[in-house]
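Asks: Below is the structure I would like to discuss, written out as structure tokens.
A short reminder: the numbers here are calculations on the coordinates, not readings from a lab. Just so it is clear, the structure is predicted and the values come from calculations on it, not from any experiment. Reconstructed Cβ throughout: ideal geometry from the backbone, glycine too, with neighbour counts over all protein chains shown.
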Amino acid sequence: MSGKGGKRGVRGAIEAAEPVQKAAPSAGGAPAYLAALFSIRADGLHRNNNDPTKSFWVCGPFAIEAELRDNEGGGWGLLLSWQDRDGKRHEESFGRSLFTGECAELRGRLADGGLSMNGTQAGRQALAEYLNIVSCTHRARSVTQVGWHQIGGRPVFVLPDVTFGDPGERVVLQAEAREPSLFNTSGTVAQWRDSIGLLCCGNSRLIFGASCGFAAPVLGMLGEDGGGFNLLGKSQSGKSTVLRVAASVCGGTPDKGARGFIRSWRATGNGLEAVASAHNDTLLLLDEMGEVDGRVIGEIAYMLSNGQGKARAGRSGLARPAMRWKVLLLSSTEVSLAGKMAEAGGSDPKAGQEVRLPDVPSDAGVGLGAFEELHEAESPDAFVRDLREFSQQFYGAPLHAFLAMLADRRRRDPVGFPDAVRDRIRKSLQTWLIDLPDAGGQVRSVGFRFALVGVAGEMASDAGLTGWPSGAASEAAQTCFRAWLSERGTLGAREDAQAVSLLRSFILANGSARFDIWADAPLPDAAQVEPDPCPPAERFRTQKRAGWRRWEVCEGGRLAWCYYLTGDGMKEALTGLAFREARKTLVKLNYLMPSKNATDVKNGVLAASYSVPGHSKTRLYQINPSILATTEGSD
């Protein structure tokens with residue numbers, strides 16, 4: 001079959017095909033000699049032999065629906081279908097790499113789906129032999145993960161059991177190990193809108209959580225970096241309910257309802273790589289950060305947001321392709337990221353970690369936990385019960401409808417539509433920052449993500465999916481953004497506050513133990529109150545000297561210890577920060593007194609040269625004593 005008519009005929013045949021009621025092996029366009037090796041009978045596949053008495057049954061009946069390949073012409077596989085013992089139809093894709101060797105994984109997945117097989121070595125070999133030889137005239141495109149893909153130059157969104165858009169051919173998810181789909185639907189958009197959507201009205205955290213479900217595919221469409229939000233609050237404050245509402249937008253499982261879509265932090269880093277890959281371009285919900293090891297939480301936060309797993313070697317020793325993904329993460333916790341890392345004795349979180357997973361207070365501030373409006377419920381507990389009941393019944397339909405809308409808009413306007421959405425997000429953020437002109441780059445970066453959630457919620461509302469009034473989603477996102485800013489405590493870069501906090505903490509923790517006394521500081525006559533201007537020396541020996549401290553007259557004639565740090569001491573104090581930038585910050589805030597030597601100023605040298613009694617000339621960083629009185633940069 002060739003030419004345009006041939007392609008249309010194949011596509012028409014695929015689209016017009018009815019579900020197979022009684023699956024049977026199909027050789028399709030297989031080599032002619034395959035019929036001599038195998039025969040297809042009512043009870044399944046048989047391996048033939050010249051001696052009929054030595055022919056044997058291989059497995060129950062199955063059908064080959066299509067041969068699969070990816071956009072690059074690799075990733076070949078077969079799409080198989082069969083019926084289990086209860087007559088339920090199964091359909092699953094298998095890469096041809098699974099047909100080599102003992103085929104243990106292939107056989108395991110088929111057996112798990114209810115296909116009967118010959119368990120002898122001859123039976124295993126015969127099944128592998130047949131699948132390696134057989135071919136099929138029908139073709140389908142394979143992808144390895146859910147999310148946005150370009151098929152024939154057309155943008156489509158692939159979920160495990162449905163594809164949104166017009167790919168021109170069938171698209172099949174061909175994962176290495178496919179788990180049961182969590183993107184199921186129950187109920188209609190109208191039922192979700194008139195129950196869960198209605199109860200979200202007036203509740204900033206609920207609208208924000210639900211909007212995150214719509215925002216995740218928009219994030220992937222725009223090609224923006226991954227990231228997320230961390231709902232922070234005490235136990236029983238409504239955090240898990242917010243996650244459940246967000247899950248109801250995306251999917252669930254028949255036994256657990258929307259709660260089945262929520263994952264747990266209780267997993268290894270490798271396990272979360274697989275979880276993130278399975279949620280590519282969709283919302284990833286992780287409950288209870290407190291369950292994860294504080295020693296690795298920082299690395300995991302980076303990994304999930306950066307969208308790439310660890311590089312690993314394959315059996316041959318060559319590098320295996322690292323897992324990649326892009327997710328919007330919504331997490332819940334009773335302990336902040338910084339607190340969780342501190343529990344394990346780790347360092348403070350880096351600014352990049354906090355920017356990728358900012359803490360959003362779950363408490364809405366009106367005495368009702370995460371809620372502001374209970375919609376005639378007698379108590380927050382009763383309101384939570386209503387939401388749980390509805391989320392058990394209705395889930396998944398809003399995301400499916402939203403993806404269909406996005407795919408259609410991208411098909412009609414592949415460049416203009418994403419650009420228009422991005423401009424809408426930027427304008428929304430500019431409106432939020434009008435009264436915050438000093439907002440730094442980190443605040444603006446996180447603000448863009450909040451604004452994206454608000455705009456996505458507005459797009460879903462414009463499409464009639466939510467039942468929220470116009471502007472409600474954007475207002476909820478702005479409310480949560482302001483709550484994060486209030487919790488953060490600064491509009492500047494987090495590293496600026498951390499530089500002050502780290503240096504101050506280092507001096508307070510080590511002042512007596514690691515700073516020698518600079519004992520020959522003469523005081524002005526007016527300040528001479530004792531023959532010896534210095535306090536009595538402590539009775540111990542300094543260990544691992546970080547610098548010197550000098551009893552001096554400071555601003556206002558006040559006597560105080562002035563600290564002078566060596567280069568190594570300053571680097572230790574600012575561990576974890578970019579050393580050059582941290583020093584500039586301290587100078588800008590007047591906590592680090594730079595050298596006044598003309599040559600040093602010209603060359604940008606901050607440490608001045610000093611002659612400490614008993615030591616040769618050395619360069620030291622002079623610290624303004626006011627840093628010990630300030631609380632800036634501390635929690």
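Asks: Order these peptides, 166-173, 235-242, by their mean beta-carbon neighbour count within 10 angstrom, highest first.
Replies: 235-242, 166-173
Asks: Still on this structure, I have one more. Quick one: if the Förster radius is 35 Å, what FRET efficiency do Asp413 and Asn71 give, using the C-beta to C-beta distance and rounding to 0.05?
Replies: 0.95
Asks: Rank Gly165, Gly95, Ala546 by how far each Cα sits towards the positive end of the charge dipole of the chain (+1 on Lys, Arg Cβ; -1 on Asp, Glu Cβ) and give me just the farthest.
Replies: Toward the positive end, the furthest listed residue is Gly95.
Asks: For Val553 and Ala578, calculate 0.36 nm times their separation in residues minus their Cα-Cα distance, and state this gained length in nm to one decimal.
Replies: 5.8 nm
Asks: Roughly how tilted is helix 472-488, in degrees to the nearest 10 and between 0 and 90, from the longest Cα axis of the chain?
Replies: Helix 472-488 sits at roughly 40 degrees to that axis.
Asks: Starting at 0 and stepping by 5 Å, how many percent of the alpha carbon pairs of the stretch 122-216 end up in each bin?
Replies: For the stretch 122-216, the binned pair fractions read 2, 10, 13, 14, 14, 14, 12, 8, 4, 3, 3, 2, 1, 0 percent.
Asks: A further question follows. Roughly what % of DSSP beta bridges within the chain run antiparallel, to the nearest 5? Could you put the intermediate results ahead of the total?
Replies: On the way: 49 of 75 bridges.
Percentage antiparallel, nearest 5: 65.
Asks: Using only the alpha-carbon atoms, how far is helix 204-222 inclined from the longest principal axis of the chain? Give it as 0 to 90 degrees, nearest 10.
Replies: 70 degrees
Asks: Give the Cα extents of the stretch 384-490 along the principal axes, in whole Å, largest first.
Replies: 44, 43, 21
Asks: For the chain, state the average projected area of the convex hull of the C-alpha atoms over all orientations, rounded to one decimal in nm².
Replies: Values: hull surface 160.1 nm².
Computing the convex hull of the Cα atoms and averaging its projections yields 40.0 nm².
Asks: Now for a separate question. Calculate, for Ala190 and Asp112, the FRET efficiency according to 1/(1 + (r/R0)^6) with r their C-beta to C-beta distance and R0 45 Å; round to the nearest 0.05.
Replies: That pair, Ala190 with Asp112, gives E of 0.80.
Asks: By how many degrees, 0 to 90 and rounded to 10, does the Cα axis of helix 441-462 deviate from the longest principal axis of the chain?
Replies: Taking Cα atoms only, the helix is inclined about 40 degrees.
Asks: Given the pairs Lys584/Lys617; Lys88/Lys256; Lys310/Lys584, which are separated by over 29 angstrom at their Cα positions?
Replies: Violating the 29 Å Cα-Cα cut-off are Lys310/Lys584.
Asks: Same structure again: Sticking with the crude label model, points 7 Å out along Cα→Cβ, report the distance from Asp43 to Glu179 in nm, one decimal please.
Replies: A separation of 3.9 nm, rounded to one decimal place.
Asks: Which order results if Ser204, Ser336, Ser135 are arranged by neighbouring Cβ count within 10 Å, fewest first?
Replies: Least to most surrounded, the residues fall as Ser135, Ser336, Ser204.
Asks: Provide Val446, Val453 in ascending order of the number of other Cβ atoms located within 10 Å of each residue's Cβ, fewest first. Present the calculation step by step, with values, prior to reporting the outcome.
Replies: Working: Val446 22, Val453 31.
By the 10 Å Cβ count, ascending, the order reads Val446, Val453.
Asks: Rounded to the nearest Å, what's the spacing between the alpha carbon centres of the stretch 565-635 and the stretch 399-445? Just the number, please.
Replies: Their Cα centres are 43 Å away from one another.
Asks: Multiply the residue separation of Leu222 and Gln236 by 0.36 nm, subtract the distance between their alpha-carbon atoms, and state the gained length in nm to one decimal. Don't jump to the answer; show the numbers that get you there.
Replies: Details: separation 14, 0.36 × 14 = 5.04 nm, distance 3.58 nm.
Once the chain is fully extended between Leu222 and Gln236, it gains 1.5 nm.
Asks: Follow-up. Just the Cα atoms of the stretch 361-413: what Rg and Dmax do they give in Å?
Replies: 16.9, 48
Asks: Further question: Would you compute, from DSSP H runs of 4+ residues alone, the mean residue ellipticity of the chain at 222 nm, taking -39500 (n - 2.57) per run and dividing by the full residue count, rounded to the nearest 500?
Replies: After summing the helix terms and dividing by residue count, I get -11500 deg cm²/dmol.
Asks: Whole number please: convex hull volume per residue of the Cα set in the stretch 19-173, in Å³?
Replies: 116 Å³
Asks: Still on this structure: Report the charge-dipole magnitude of the chain in Debye, nearest 20, computed about the Cα centre from +1 at each Lys and Arg Cβ and -1 at each Asp and Glu Cβ.
Replies: Using Cβ point charges on Lys, Arg, Asp and Glu, the chain gives about 1960 debye.
Asks: With r defined as the distance between the Cβ atoms of Glu372 and Glu91 and R0 fixed at 56 Å, what FRET efficiency is calculated, to the nearest 0.05?
Replies: After rounding, the FRET efficiency stands at 0.75.
Asks: Going by how many other Cβ atoms sit within 10 Å of their own, how do Phe371, Phe402 line up, fewest first?
Replies: Listed from fewest to most nearby Cβ atoms, that is Phe402, Phe371.
Asks: Along the Cα→Cβ direction, 7 angstrom out, place labels at Ala36 and His615. What is the inter-label distance in nm?
Replies: Here the answer is 9.2 nm between the modelled labels.
Asks: Something else about it: Using a 10 Å cut-off on Cβ atoms, rank the peptides 33-41, 149-157 from the highest mean neighbour count down.
Replies: Those peptides, ordered most packed to least, come out 149-157, 33-41.
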